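Report on one structure; see the data block that follows.
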Amino acid sequence: MEPFTAHPLLIWIAQHPYWVGIAIFLVSLSESLALVGLFIPGALAMFGIGTLVAAGAVNLWPALAWAVAGAIAGDAVSYWLGRHYREQLQTFWPFSRSPQLIDRGVAFFHRHGGKSVVLGRFVGPMRPIIPAIAGMLGMPPVRFYLANILSALGWAPAYILPGVVFGASLGLAEAVATRLAVTVATLVVAIWGGAWVISRAVLLLQPRIERGLSFLQAWSIAAPSGRDRHLRKLVASLLDPTQPESRTLLILAGLLIVAAWGFFGVLEDVLTRDPLVLIDSSTYHFLQSLRTPFGDAIMIALTELGDAAVTLLVVSAALIWLLAQRAWRPAAYLLAAVGFAAALTVAIKAGLRLPRPTPLYQGINAFSFPSGHATMSIVSYGFLAVLAARELPARGRLAVLTATFLLVILIAFSRLYLGAHWLSDVLAGLAFGTAWLALLGIAYLRHPAPAFSARGLMVVAFSALLVGGGFHVSTRHADDTLRYAVHQNIRFMAQQDWWGGAWQTLPAWRIDIEGEYEQPLTVQWAGSPEYLRRSLLGAGWREPLPLSGRNFLLWLDPSRSAMELPLLPRAHDGRHEGLALIHPVPGQRLVLRLWQTDTVLRETAQPVWVGMVTRETVIHPLSWFSLPRDGRDFNQPRQTLLDSLSGVPARLARRGEIPGPVDEQTIIWDKQVLLAREPEMP
């Protein structure tokens, strides 16, 4: 059989390109159509078409042409509906149930005019509404169709080409390109996910928070009674614009210190015993495996923008400008925000003394928890954004907050990428910084403050960041490249010690990216993986199909046997498998996976590898795609591997205590591990 035979769907696509084009046209049209387009995941569909282009199943230019034509037709129909029905459009479902959709569309159109047809094409819920609004409000047809065609020409490539790039990246052979692609994808997902969560949270919580604050304010200024009179006074001083808030902020700051100290003290105990520490380790190893010189250069520059020298310079420049404007209250808030956050971060580091993944600094900065970069970035840059946002209209406020969010997330991610912090350090820093920022922000926004030029503050802060940050990056980048170089935590072990019992200090379970124990690690190999590969290939084992974009589509073919399918990768403790082989068994396949550890045998300078042998069955849900499923038995596959190791020193050894319970209903394992090593040279 040929290495790749298309799934019947792909064969049909190749034989009926015009029907495929019509399908693309209909999806694009529906996605742009008023009423219908609100419920069509057109962006996801266009991305999927792009992956089919990368797989060679669909031609790029016809796909783009059909998508453009569908987008133009969909907007044209929507425009006609709006022009024909006018205000009656609001009586149609779902507009009758959600009249705010029409109101938002009208406001968007009045704000941007004819450009709204182009802009609306790329703005989520506005996309299928704006053409109908344009028709309803009487936009001239010539102007509309010009904007319609131009926006469609930009929309189709913008949504299809990312799928093409993604599909093509699956087939890249260059390790650096793959790591870089995964790094970018991870960062994009982090930014997009964070922005999505925040935007949805704001839409959901903003009206409820406003009602809650109004209720608390009304409750606090009511006649005090009984035991709660002191609490009412505290709440009133925070929320009532007519009362001073300094006393409340001092008390709340003290409570925050006590609560944070207790919380982080408990968290320290949890981190020493809980799978959270495994998530830290998995994330660290995963991101270190993505390191590239180009990625390092970018991430080091980003992390330098969060250095104390830069944040202090930006805050100082903003503080001096505020004082020059006689904006005493904003200046006092800014000083309190940064000063308290810095002091508490240092205090927690000194109290907990949790080590970093790699030693990078001296003194108090040698400790990792919480991340000072994450904390001070969100407090410093975030509160400057709060100060400016108060003086800006809604559009400007959103732009400032979004830019600040992106900068903070990039700095926080750079700390993880460079191995300077554990994931829990960064999350704790962001959480604490956000809590303190929110506390001060509520107090500041609920009390009167002198007006000042938001543009002036932003110009001063941005100039300080650009000039000071640029100078800092240019002078520190070379030294920091050495500081943040990939660090290897090598543990040397005598071969005799490993063979005799020290092998039990190595992990007993595969740890997934979530920090959970998965399958038992039933194999340990000391030696060259290439030697083991050659030995097993001579004993009937095979190389699996590489997981390229083209081969991945084989999982859509239910007629494929297990041996004809590519091997889906698995990570252990954030590391990629370094060796993977398969062995045929009737209707199934055995899969050997090995991951390199940080343990090296002193005599041979060879690393020790841990792994497992599993029996993999392929199931076919709905009879149109395939999924791998591991068997429960880990003993017989391990024995098959042992029988294949001809001329290789190997033995079975039983583990003593195993971290985590062995669920006998889930797996069959006698707690024995196959130890094998490369024969010594004669």
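Remarks
- FRET efficiency for the residue 462 to residue 497 pair, using the beta carbon distance and R₀ = 51 Å, is estimated at 0.30.
- Relative packing of peptides 70-76, 529-535 - highest average C-beta neighbours within 10 Å first: 70-76, 529-535
- Going from the residue with the fewest nearby Cβ atoms within 10 Å to the one with the most, 282, 380 rank 282, 380.
- Projected label points at residue 455 and residue 65, each 7 Å from Cα along the beta carbon direction, are separated by 4.9 nanometres.
- Gained length - residue 343 relative to residue 107, 0.36 nm times residue gap less alpha-carbon distance: 80.4 nm
- Extension gain, residue 22 to residue 617, is 210.4 nm, computed as 0.36 nm per intervening residue step minus the present C-alpha separation.
- The length gained by stretching the chain between residue 651 and residue 323 to full extension, at 0.36 nm per residue less their Cα-Cα distance, is 110.5 nm.
- Principal axis box of segment 397-454, alpha-carbon based, largest edge first, Å: 43, 22, 14
- Global form of segment 492-677, assessed from the alpha-carbon gyration tensor, a/c cut-off 1.5: prolate
- Peptides 597-606, 430-439, 407-416, ordered by how many other C-beta atoms sit within 10 Å of their residues on average, highest first, read 407-416, 430-439, 597-606.
- Label positions at residue 642 and residue 561, each projected 7 Å from the Cα along the C-beta direction, are separated by 2.8 nm.
- Cα point-scatterer Debye curve for segment 389-490, base-10 log of I(q)/I(0) at q = 0.13, 0.16, 0.24 Å⁻¹: -0.70, -0.97, -1.37
- Computed label-point distance, nm, for sites residue 486 and residue 361 using a 7 Å Cα→Cβ extension: 2.5 nm
Read-outs: derived from the displayed coordinates by stated rules, not from any lab. Note that this is a predicted model, so its numbers are computed, not measured. Don't worry about glycine lacking a Cβ; one is built from the backbone with ideal geometry, like all the others, and counts go over all protein chains shown.
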